1. Considering region 1-30 alone, what residues qualify as being surrounded by fewer than 19 Cβ atoms within 10 Å (Cβ to Cβ) and either of a type in the set (F, W, Y) or touching a helix residue (DSSP H, G or I) at 6+ places or on another chain (Cβ under 9 Å) (or both)?
2. I'd like the full set of residues that are farther than 22 Å from Q139 by Cα and of a type in the set (F, W, Y), limited to region 64-94.
3. Which of the residues spanning region 83-110 are among the β-branched types (V, I, T) and exposed (fewer than 12 other Cβ atoms within 10 Å of the Cβ)?
4. Given the structure, is A156 buried (at least 19 other Cβ atoms within 10 Å of the Cβ), of a type in the set (G, A, S) and touching a residue at least 40 places away in the same chain (Cβ under 8 Å)?
5. Select, from V9, V28, the only residue that is over 29 Å from N193 (Cβ atoms) and either part of a strand (DSSP E or B) or assigned by TED's automatic domain parsing to the domain that holds A93 (or both).
6. A271 is checked against (1) buried (at least 16 other Cβ atoms within 10 Å of the Cβ); (2) part of a helix (DSSP H, G or I) and fails just one. What number does that condition carry?
7. So which of V52, V42 is in contact with a Lys or Arg (Cβ under 9 Å, 6 or more places away or on another chain), within 19 Å of V133 (Cβ to Cβ) and surrounded by 18 or more Cβ atoms within 10 Å (Cβ to Cβ)?
Amino acid sequence: MQIATTRDVLRNALAALRGEGGGRIALVPTMGALHEGHLTLVRRAKAEADHVVASIFVNPKQFGPNEDLDAYPRQLAEDAALLEAEGVALLWAPAVEEMYPAGFATSISVAGVSEGLCGAARPGHFDGVATVVAKLFNQVQPDMAFFGEKDFQQLAVIRTMARDLDLALPHVDNIIGVPTVREADGLAMSSRNRYLTPEQREAAAALPHAMRKAIAALEAGAQVAGTLAALEAELLAAGFSGVDYAALADSASLAPLTALGQAPARLLVAARIGGTRLIDNMAVNPAR
């Protein structure tokens, strides 16, 4: 596996891959601190493309002033070894100065899908996401890209950006969401799970449990507002310090729903335990 840390090396490495008989290139963007969820994305990409390019970049533009940018885990050597073992052809691991050189002055903002949920709780976050992903798409020009559905709103923002900007590489139809990978107790895998103490980690399992309970109630015809209030109360009783949101939304537009209708819906939750913010989402079947 080749590791590129400058745009010139990246361009040369990509040209070499495309010169090896061509074939489809898949991109798996990450911020590192890799876990089984990331490796699942790599395996899915490898199954559908001829060459897999992974990126590791802790993007400062998607962190707020009081968020965990400095503390976010960085372990490039360990991550590179994991990617090489999975058969990744090329790792793009630029420094901040390489991604955002002096004088960088452009930002991409995606209205609508970015405005509620995590967008409301983390102002500017999705502008940073859209900007860096657009740069990664332009730098690599992949035939397809793979993202985890755990960050469901992020996936919606990226797809909207690709559609609205008429991106060809990758086309919006080739931006592929991969189902969330979970621990044995149901907790969604996340690089931030390592921040949890053993006691907090045990309590965190209440999140997927409470969500599944709420989904069962909604699908049985329970009223949405009361069900969401009960979900929040269950999390606080389990040891969570706060709930940023618990929302039922349309799966495509992420518009909030006050009742379960005929279109696919999604239950999305962001909650804090100690100093760690956990997010999760699950599908809700349409009303029958």
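1. M1, Q2, I3, T5, T6, R7, R11, G23, R24
2. Answer for region 64-94, where residues must be farther than 22 Å from Q139 by Cα and of a type in the set (F, W, Y): just Y72.
3. Scanning region 83-110 gives a single hit, T106.
4. Considered against the rule, which asks whether it is buried (at least 19 other Cβ atoms within 10 Å of the Cβ), of a type in the set (G, A, S) and touching a residue at least 40 places away in the same chain (Cβ under 8 Å), A156 comes out as yes.
5. The unique qualifying residue is V9.
6. Of (1) buried (at least 16 other Cβ atoms within 10 Å of the Cβ); (2) part of a helix (DSSP H, G or I), only one is false for A271: (2).
7. Result of the check over V52, V42: V52.
Here's the yes/no breakdown for (1) touching a strand residue (DSSP E or B) at 6+ places or on another chain (Cβ under 9 Å); (2) of a type in the set (D, E); (3) farther than 25 Å from V96 by Cβ; (4) modelled with pLDDT under 95:
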residue	(1), (2), (3), (4)
Q2	yes, no, no, no
T5	yes, no, no, no
D8	no, yes, no, no
N12	yes, no, no, no
G19	no, no, yes, yes
I25	yes, no, no, no
V28	yes, no, no, no
E36	no, yes, yes, no
T40	yes, no, yes, no
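The values are calculated or read from the model by the stated rules, or taken from the named source; none is laboratory data. A quick note: this is a predicted structure, and the numbers were derived from the prediction, not measured. All Cβ positions, glycine included, derive from the backbone under ideal geometry; neighbour counts span all protein chains shown.
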